[in-house]
Amino acid sequence: MNGKEALLLIDDDDDILSVTRMMLEGCGFSVLTANSGRKGVDIFRENTDKIKVVLIDLIMPDMDGREVFRE
């Protein structure tokens, strides 16, 4: 990867989402974010052709990381 790829970041903690997004953008990634598992799945389905990497929090209240991965 050359740092230009789109990355989907899914985490229910807004502070972690914000800090991680800034760090990844600083590395040159285009970052899409979702603050819930369900929203992350929706964003992934809408952008399947663009997203190359997905980072998922494993422990989330609505849909945990394992469920998101299965979707």
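The values are calculated or read from the model by the stated rules, or taken from the named source; none is laboratory data. Source: prediction; values computed, not measured. Note that each Cβ is placed from the backbone with ideal geometry, even for glycine, and that neighbours are counted across all protein chains shown. Please note that ligands, DNA and RNA were not included when accessible areas were found on the heavy atoms of the full protein model with its side chains. Shrake-Rupley method; radii C 1.70, N 1.55, O 1.52, S 1.80 Å.
Averaging sequence separations of C-alpha pairs under 8 Å and six or more residues apart, then dividing by the length of the chain, give the relative contact order as a whole percent.
Computed value for the chain: 39 percent relative contact order.
At 222 nm, what value in deg cm²/dmol follows for the chain if DSSP H runs of at least 4 each add -39500 (n - 2.57) and the sum is divided by all its residues, to the nearest 500?
Calculated from helices alone, the mean residue ellipticity at 222 nm is -12000 deg cm²/dmol.
Order of 38-50, 16-28 by packing, highest average Cβ count within 10 Å first?
Listed from highest to lowest mean packing, they are 38-50, 16-28.
May I ask you to compute the full-extension gain from residue 42 to residue 59, defined as 0.36 nm times their residue separation minus their alpha-carbon distance, rounded to one decimal in nm?
4.3 nm
In the chain, what percent of the accessible surface is made up of carbon and sulfur (1.4 Å probe, ligands and nucleic acids excluded)?
Answer for the chain is 53 percent, counting heavy atoms of protein chains only.
At a temperature of 37 °C and a viscosity of 0.692 mPa s, determine how fast the chain diffuses translationally according to Stokes-Einstein, using the Kirkwood radius over alpha-carbon pairs as Rh; express D in µm²/s, rounded to the nearest whole number.
The estimated diffusion coefficient comes to 274 µm²/s.
Per residue, how much accessible area does region 9-71 have with a 1.4 Å probe, in Å²?
Per-residue value: 66 Å².
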